[in-house]
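Working notes for the structure below.
The values are calculated or read from the model by the stated rules, or taken from the named source; none is laboratory data. None of these values were measured; they are calculated from a predicted model. Cβ placement follows ideal geometry from the backbone for every residue including glycine, while neighbour counts extend to all protein chains displayed. Areas reflect the complete protein model, heavy atoms only, side chains present, ligands, DNA and RNA absent. Shrake-Rupley method; radii C 1.70, N 1.55, O 1.52, S 1.80 Å.
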Amino acid sequence: MGAFDAAGRDPRGRYVSVAYTATLPALVEPTAGDDATAARWWPLAALPDLAFDHAEIVAAAANH
């Protein structure tokens with residue numbers, strides 16, 4: 001749904017993120033991988049604070 005590449009979007013260095021969306025036929029339980037201790041769904045209206053420009057990416061996906 002979009003590529004995000006603004007200079008300074010991540011203080012660790014220059015990164016490009018490519019975001020995708022998917023529509024699921026039914027709700028599935030998220031599973032944490034080896035890089036996370038937990039995973040869960042959040043309502044768009046009640047998201048926690050997000051790192052870097054991730055709130056902008058989620059907003060773009062919601063408006064897509």
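Numerical summary
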| quantity | calculated |
| --- | --- |
| Counted residues, the stretch 14-29 - those being within 14 Å of the chain's Cα centre (by Cα), of a type outside the set (S, T, N, Q) and either farther than 24 Å from residue 2 by Cα or in a loop (DSSP other than H, G, I, E, B) (or both) | 3 |
| Some residue of the stretch 52-62 being of a type outside the set (A, V, I, L, M, F, W, C), touching a residue at least 40 places away in the same chain (Cβ under 8 Å), open to solvent by 100 Å² or more (accessible area, probe 1.4 Å) and not in a loop (DSSP other than H, G, I, E, B) | yes |
| Selection from the stretch 2-29 of residues that are under 18 Å from residue 62 (Cβ atoms) and surrounded by 11 or more Cβ atoms within 10 Å (Cβ to Cβ) | 2, 4, 17, 19 |
